[in-house]
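**Student:** Below are the C-alpha cells for one structure; questions will follow.
The values are calculated or read from the model by the stated rules, or taken from the named source; none is laboratory data. Remember, it's a predicted structure, so these values are computed and weren't measured experimentally. Every residue, glycine among them, receives a Cβ derived from its backbone with ideal geometry; neighbour counts consider all protein chains shown. Ligands, DNA and RNA are excluded from the accessible area calculation, which covers all protein heavy atoms including side chains. Shrake-Rupley method; radii C 1.70, N 1.55, O 1.52, S 1.80 Å.
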Amino acid sequence: MNFQGQHRSPAEPVEPVQHDAEAGSKRKSRRSRYAWIGTAASIVLFAVSLGVLWKLVQSVSWAEVRSAIAAATAEQLGLAFLFVGVSYLFLTGYDALALRQLKIKVPYRITALASFTSYAVSFTLGFPLLTAGTIRYWIYARQGLSTAKIAALTVIAGFTFWLGMGVVLGLSLIIEAGQLAGLAFTSIRINQGVGLAALALVLGYLAWVSAKKRSITVKHWRLELPGASVSIGQMLVGIGDVCAAAAVLYVLLPQETTLGFTTFLAIYVLAAMLGIASNAPGGIGVFEATVLLALSSLPRNEVLTSLLLFRGCYYVVPFVTALAMLGLYEIVKRAGGARDPGPPEGTAGPSGRAWRDESESEPR
C-alpha cells in the first residue's frame, strides 16, 4: 500500500496552481457547509436512544438487576471471557494485514500490543482517530513507521472492520429474514433486500479492487487500496471478530433464550452500527436501547443485566488490562535504556519540517 504525498513540480506554471487552490478552497467550503449534518444526526440519534433506554429501564428495579447478576453462572462468564480473547485476537489481524499491505515487517508481539491496546482504549473512551491513533503512533513510531504509514494502517483496519460487518449483516438478514421480521417489525422482503444490498456492496468492492490497482485520496495523500487477496483476508478476519464479539453477549443472555445465534448476529451488528453512527464511546446507550427493543420478548431485567456484564467483560476488563500493558511497556523500554534512533519519517524534525522518505520527496 502506498501512502504518498502529492507533490507539484517546481516548473509548474503559477496560474494552474492558483486555479487548483481556488477549486480546492471551494470544495473545502462546500464540505464544511454540510459537515454539521452528520454531527447533528449523531447527536439526535444519541439523544433519542438515551430517551428510549431511559423509558425501557423504568420498569426494571436495581434489586432485580443485582439478583440477575448473582445468577450468572461461572460457565457463562468463562465462555464470555473466552470469546473476548478470540475477538481481540482477530483484532490483531487488522493491523497484521495492514502491515503486510504496507510491506513493513514488525514483530507480531509489537503488532498485537499496538492493536489490542489501541482498540481496548478507543472502545471505552471513544474518539478512535485520536485515542487509537495516539497509541498506535506511540508504539509503531519506535519501530520506524512514519506518521503517514501509521495513518494508512488505521485506514486499512477500518476497511477490514466494515467488510466483516457487511458480510455478517447481509448473510444473517437473508438466512433469518422471517424471524427478524417479527423482532424488528419489518417484512421478510425488506430484510432480504437489505441483506442482498449489503452483500452486493461487499462483492462490488472486491470486484472493483480486483480489476486493477485502486487508490483514494485523503487530505492530499494517495492511499493505494489492498487487492482482492488481501481484501478477502480482511473480510475473513472481520467476520471472525464480529462473530466472536457477538458471542460474548449471546452467552450472557438469559439461559431460557431460544433465539438462534444467526438471528442474534443481525441484531448485534445493527446495534453496533447504530452505536458507531452515534459517535458515543462504545456506542453506549444506543447499543443497549437497540438490543433491548429487539429482545423485548425476554425478561427486560435479565437482558439489561446481560448488557451490563457484556460492558464489563468486553470493555472495562480489556481497558484496564491495556492501561497496565502500556504502563509496563513504557517501564520496560525505559529500564532497558532503549534509545530513540531518531525521528521516524513523517514526524517533525528540529526545524519543524517533516522528515520523509527520499522517494516521497521527489516530484510525482
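**Student:** With a/c under 1.5 counting as rounded, go ahead and sort segment 55-212 into rounded, prolate or oblate using the C-alpha gyration tensor (a ≥ b ≥ c being the square roots of the eigenvalues; past the cut-off, prolate if a/b is larger than b/c, else oblate).
**Tutor:** oblate
**Student:** Accessible area of segment 130-193 with a 1.4 Å probe: how many percent of it is carbon plus sulfur?
**Tutor:** Working: 1880 of 2690 Å².
That share works out to 70 percent.
**Student:** Does segment 264-322 come out rounded, prolate or oblate, given a ≥ b ≥ c as the square roots of the eigenvalues of its C-alpha gyration tensor, rounded meaning a/c under 1.5 and, failing that, prolate meaning a/b above b/c?
**Tutor:** Working: a/c = 2.17, a/b = 1.28, b/c = 1.70.
Verdict is oblate for segment 264-322.
**Student:** Sticking with this one: Nearest 0.05, what FRET efficiency do Ile69 and Leu89 give at R0 = 22 Å with Cβ-Cβ as r?
**Tutor:** So the FRET efficiency works out to roughly 0.20.
**Student:** Here is a further query. Starting from 0.36 nm per residue, how many nanometres of slack lie between Leu79 and Trp208 once their C-alpha separation is accounted for?
**Tutor:** My answer for the length gained is 42.5 nm.
**Student:** Can you give the relative contact order of segment 69-224 as a percent, counting alpha carbon pairs under 8 Å and 6+ residues apart?
**Tutor:** Working: 113 pairs, mean separation 23.8, N = 156.
With pairs under 8 Å counted, the relative contact order is 15 percent.
**Student:** Given R₀ = 41 Å, FRET efficiency for Glu256-Thr321 by Cβ-Cβ distance, to 0.05?
**Tutor:** After rounding, the FRET efficiency stands at 0.80.
**Student:** Tell me, in nm to one decimal, what length is gained between Ala228 and Glu330 on full extension, where the rule is 0.36 nm per residue of separation less the Cα-Cα distance?
**Tutor:** 32.9 nm
**Student:** If contacts are Cα pairs under 8 angstrom and at least 6 residues apart, what is the relative contact order of segment 176-288 in percent?
**Tutor:** The normalised contact order for segment 176-288 reaches 15 percent.
**Student:** Quick check: pseudo-label points 7 Å beyond the Cα along Cα→Cβ at Arg142 and Ser187, how many nm apart are they?
**Tutor:** In this crude spin-label approximation the distance works out to 5.9 nm.
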